[in-house]
Amino acid sequence: MTFYVTTPIYYVNAAPHLGHAYTTIAADVMARHHRQRGEEVFFLTGTDEHGEPVADAAHALGIEPQQLADRNAERFKSLAPRIEVSNDFFIRTTDRVHEQKVQEVLSQVRDNGFVYEGTYEGWYCPRCADFKAENEIDPGNRCPIHHIELTREQEDNYFFKLSAFQEPLERLYAERADFVAPRTRYNEALSFIRSGLRDVPLTRHKLSWGVRVPWDHEHVFYVWFDALLNYYTALSYARDEDLTAKFWPASYHLIGKDILRFHAVYWPALLMAAGIELPRHIFVHGYLLMEGEKMSKSLGNVLDPFEVIERFGADALRFYVLREVPFGQDGSVSTASFELRYETELANELGNLASRTLAMVGRYRDWQLPPCAPDPALAADFEDLTDRVAELMDRAELTLALDEIWQRVRRLNRYVEERAPWRLAAEPARAQELDGVLGSLAEGLRSVTVLLWPYIPASCERLLAALGASGLALADAGLGSGRVERLSHLEPLFPKEA
Ligand code: MSP
């Protein structure tokens with residue numbers, strides 16, 4: 001079994017912010033979960049370095065686009081390990097092999113008869129690097145996303161015959177109800193397709209910062225086609241061997257809702273035109289909002305992920321974004337709600353559960369537990385948990401899966417209160433009962449920790465080490481599938497003074 005997950009590649013016109021970290025964290029959770037299943041996983045992220053947004057930002061700074069790309073690509077690249085992201089490769093669209101592959105695939109599209117010369121006239125947003133149809137424009141000819149005035153473009157281009165894929169795309173959506181999720185996004189993409197597809201520019205004449213069109217050196221490819229192809233080209237050169245046959249088609253493209261049309265309409269059409277198999281799933285998440293607006297560099301309302309990690313640690317950030325905002329919907333984030341979740345859930349519910357459990361085993365049993373079967377009262381509440389989590393992960397329902405696990409964290413806290421081990425410890429005749437309660441608690445903690453590992457890997461690894469059970473395989477995640485025998489002391493996982 002193989003699993004291939006991607007994030008969008010990020011524009012290098014600015015430094016990374018929490019919105020970018022969000023998609024990357026989500027993809028990382030999926031990648032880690034699938035590794036726990038024993039699957040061979042490839043997880044790709046990277047940077048989108050060509051096109052107008054980057055060229056314009058570089059000129060504003062008085063530097064060359066390549067310089068700006070080098071500077072900011074490094075920032076995106078170094079963000080990944082800081083948020084414990086375990087990507088297998090980091091693609092940059094200025095990589096030479098990527099450029100060659102883009103030329104190859106798009107020449108194939110032309111050879112297959114889907115490219116022609118024409119003149120484009122219409123509205124264009126240089127920040128989106130996107131041509132806007134009349135019905136997508138805000139009053140005053142403004143971009144609905146960036147609120148800036150659109151420019152009127154007239155340009156001789158090569159066009160991609162998107163209109164030829166109207167019917168094949170409608171068929172694709174009819175046959176594969178799970179091609180795009182959530183359902184609202186599937187419907188949105190389908191209604192865009194049904195509204196009638198018009199051909200789109202494949203190349204730009206006025207720009208020089210891009211991949212050269214091999215059959216006409218006065219043009220570069222329109223940045224979106226160059227960028228989308230990253231998902232395919234990376235596999236051919238990420239390792240010494242070509243991984244395309246092994247990992248293509250991609251299992252999941254995770255994207256934000258702002259780039260739905262490119263991924264759910266242009267991308268499958270382009271792949272069909274090139275004769276390449278289509279990805280299996282596209283999952284579209286919503287926006288992280290700050291004070292009701294999309295967090296974005298151009299709006300200046302960004303949370304700097306580096307600062308958040310500095311204060312609370314990477315695990316807390318990972319947990320917060322996937323817990324606070326239902327994955328697939330928009331949701332507000334703020335420092336206040338971050339602090340609240342950190343205190344009440346990470347520190348109190350999980351952190352305290354772990355410290356109390358370990359401390360009691362230390363105090364009452366000198367860190368050793370005899371073998372015992374989990375308490376049936378607890379076992380009933382843990383039944384099928386692993387399968388349920390895996391099933392939600394298969395649908396990229398990351399917030400729902402986390403909630404399933406968290407309900408068991410709460411269940412374990414209630415179990416401590418119900419069984420009050422400190423009372424049992426006061427009655428020597430109930431020693432065996434105490435063994436059973438502590439053993440069930442420790443095993444329950446091990447079970448939730450294995451399942452939580454994709455979300456908060458560093459904390460879970462520390463906790464599992466203290467439980468003396470470091471195995472991460474999903475097959476052993478179920479309550480009663482593992483053994484906790486010899487435990488050790490653990491410093492607080494989520495210190496309160498953070
Ligand atoms: N370069 C293109 C993508 C090409 S993919 C072939 C691009 N880059 S971007 O840097 O502007 O944004 C990429 C992604 O960042 C968005 O799709 C989304 O996944 C993420 N986000 C950026 N801001 C965000 C929020 N405020 N909230 C959630 N995600 C956000 O578009």
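Tabulated data
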read-out: Efficiency of FRET between Tyr116 and Glu167 - r from beta-carbon atoms, R0 22 angstrom, step 0.05; value: 0.70
read-out: Antiparallel bridges, percent of DSSP beta bridges restricted to the chain (to nearest 5); value: 50 percent
read-out: Positive-end residue of Pro65, Phe76, Ala31, charge dipole of the stretch 17-102 with Cβ unit charges; value: Ala31
read-out: Over the stretch 334-477, equivalent-ellipsoid semi-axes from the Cα gyration tensor in Å; value: 26, 18, 14
read-out: Charge dipole (the chain, unit charges on Cβ, about Cα centre) - positive-most of Trp267, Leu358, Val450; value: Leu358
read-out: The stretch 426-498 - charge dipole about Cα centre, Lys and Arg +1 at Cβ, Asp and Glu -1, debye rounded to 20; value: 120 debye
read-out: Spatial extent of the stretch 1-80: Rg and Dmax, with the Cα atoms as the point set, Å; value: 15.0, 49
read-out: Where only alpha carbons of the chain are counted, the Rg and the Dmax (Å); value: 25.5, 90
read-out: Cross-link pairs beyond the 23 Å C-alpha cut-off, checked among Lys206/Lys257; Lys101/Lys246; Lys77/Lys246; Lys77/Lys496; Lys132/Lys161; value: Lys206/Lys257; Lys77/Lys246; Lys77/Lys496
read-out: The chain, relative contact order [Cα under 8 Å, separation at least 6], %; value: 15 percent
read-out: Sequence of Arg483, Arg318 when ordered by accessible area, the most exposed leading, probe 1.4 angstrom; value: Arg483, Arg318
read-out: Theoretical ellipticity at 222 nm over the chain - DSSP helices of four or more residues, -39500 (n - 2.57) apiece, nearest 500; value: -14000 deg cm²/dmol
read-out: Probe 1.4 Å, accessible area per residue of the stretch 174-272, Å²; value: 37 Å²
read-out: Point-to-point label distance, Ala60-Arg486, nm (Cα→Cβ direction, 7 Å offset); value: 6.0 nm
read-out: Nearest 10 degrees, 0 to 90: helix 385-394 Cα axis against the chain principal axis; value: 10 degrees
read-out: Cα-centred dipole magnitude for the chain, charges only on beta-carbon of K, R (+1) and D, E (-1), debye, nearest 20; value: 820 debye
read-out: Computed E for Phe89/Glu136 - FRET, C-beta separation, R0 30 angstrom, nearest 0.05; value: 0.30
read-out: Cysteines without a disulfide-compatible neighbour (Cβ-Cβ under 4.7 Å), the chain; value: Cys372, Cys460
read-out: Normalised contact order of the stretch 1-96, rounded percent, pairs of Cα under 8 Å and 6 or more residues apart; value: 39 percent
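The values are calculated or read from the model by the stated rules, or taken from the named source; none is laboratory data. None of these values were measured; they are calculated from a predicted model. Every residue, glycine among them, receives a Cβ derived from its backbone with ideal geometry; neighbour counts consider all protein chains shown. Each accessible area value is taken on the protein alone, full model and side chains, heavy atoms only, with ligands, DNA and RNA left out. Shrake-Rupley method; radii C 1.70, N 1.55, O 1.52, S 1.80 Å.
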